[in-house]
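Scroll down for the structure; my scribbles are underneath it.
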Amino acid sequence: MVGFKATDVPPTATVKFLGAGTAACIADLITFPLDTAKVRLQIQGERQGPVRAAASAQYRGVLGTILTMVRTEGPRSLYSGLVAGLQRQMSFASVRIGLYDSVKQFYTKGSEHAGIGSRLLAGSTTGALAVAVAQPTDVVKVRFQAQARAGSGRRYQSTVDAYKTIAREEGFRGLWKGTSPNVARNAIVNCAELVTYDLIKDALLKANLMTDDLPCHFTSAFGAGFCTTVIASPVDVVKTRYMNSALGQYSSAGHCALTMLQKEGPRAFYKGFMPSFLRLGSWNVVMFVTYEQLKRALMAACTSREAPF
């Protein structure tokens, strides 16, 4: 057995809730530069047609984007919006991942055998619920990642300033801008991510190909990251563009998607695909492996405290 051993007592809802938020924050700390590169690539060329955008592209590829940002804005630019990102993960992942098993049991009425329908319903429910809780943090994170640190065109000076400025200039609703595409994105992401992880892990264990330890968690998480990126990338690009847009630039998320299609073509919906995959793949691996180990460590600590002798 690699890592902490599974305890006889299943993890409680509180352990899952805290474990998911903590694991997501650790994953964000490691993969945040890839997420920032993804955002920069997704918003690139949004005010131009596909020909002009290709000719004047500032960022090219994952490594090129990261190197360009470091050269022109400094290494700290890769972690612009990290505070809001960690705030988002602590509130967001705790709900969408930490409550997934509990909601799945609710839909299956306590049965241990959950069908694909119950898993999809649970993923959609916790994903949508998490957005309702954490949307303002996501808006601020995207705005920070999109703005260049160099020059005088910065929109916000700090995380607190961003919250205050958005609320003052765009109203309270500005902090919930892009909620519809974000609900759609996270319902899709949560289903693809958690359900795929669940199914791959169950299949590996039932076929006796692996045991319930680190290699199994790693393989399941990597597969979940790839499937999620393929399915969720179009909605993710629209969400990023709409959240980062100036007041009045788009009348709705649907208008944003239609404008992208007309000006940049269908390929625009997969802008930033490689950093999305690198980020989601690595994020899933770090998050799920850490989450599984945290659950076991916390339950082992609880058990030893209750029975010290």
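The values are calculated or read from the model by the stated rules, or taken from the named source; none is laboratory data. Every value quoted in this text rests on a predicted model; they were computed, and no experiment measured them. Heads up, the Cβs are rebuilt from the backbone with ideal geometry, glycines too, and the neighbour counts pull from every protein chain shown. Ligands, DNA and RNA are stripped out before the accessible areas are found, and what is left, the full protein with its side chains, is counted by its heavy atoms. Shrake-Rupley method; radii C 1.70, N 1.55, O 1.52, S 1.80 Å.
For the stretch 1-91, which helices (runs of 4 or more DSSP H) that fit wholly inside it have 1 or more residues that are farther than 30 Å from Cys302 by Cα, open to solvent by less than 20 Å² (accessible area, probe 1.4 Å) and at pLDDT below 75? First the steps, then the outcome.
On the way: elements: 13-43, 50-55, 62-73.
The helices (runs of 4 or more DSSP H) meeting that bar are 50-55.
So which residues in the stretch 252-300 are assigned to a helix (DSSP H, G or I) and small (Gly, Ala, Ser), if there are any at all?
Ala253, Gly254, Ala257, Ala268, Ser276, Gly281, Ser282, Ala297, Ala300
Scanning for something at pLDDT below 90, open to solvent by 50 Å² or more (accessible area, probe 1.4 Å) and outside the structural domain of Gln42 (by the TED database), does the stretch 229-243 turn up at least one residue?
Looking through the stretch 229-243, at least one residue is at pLDDT below 90, open to solvent by 50 Å² or more (accessible area, probe 1.4 Å) and outside the structural domain of Gln42 (by the TED database).
Taking the stretch 92-112 as the search range and keeping residues that are open to solvent by less than 30 Å² (accessible area, probe 1.4 Å) and in a loop (DSSP other than H, G, I, E, B), which one is nearest to Tyr197 (Cα to Cα)?
Looking at the filtered set, the residue picked out is Ile97.
Among the residues of the stretch 255-270, which ones are open to solvent by less than 50 Å² (accessible area, probe 1.4 Å) and out of contact with any Leu (no Cβ under 9 Å at 6 or more places or on another chain)?
Those that are open to solvent by less than 50 Å² (accessible area, probe 1.4 Å) and out of contact with any Leu (no Cβ under 9 Å at 6 or more places or on another chain): Cys256, Ala257, Thr259, Met260, Glu264, Gly265.
Taking only the stretch 203-243 into account, find how many residues are touching a residue at least 60 places away in the same chain (Cβ under 8 Å), farther than 29 Å from Thr259 by Cβ and aliphatic (A, V, I, L, M).
3
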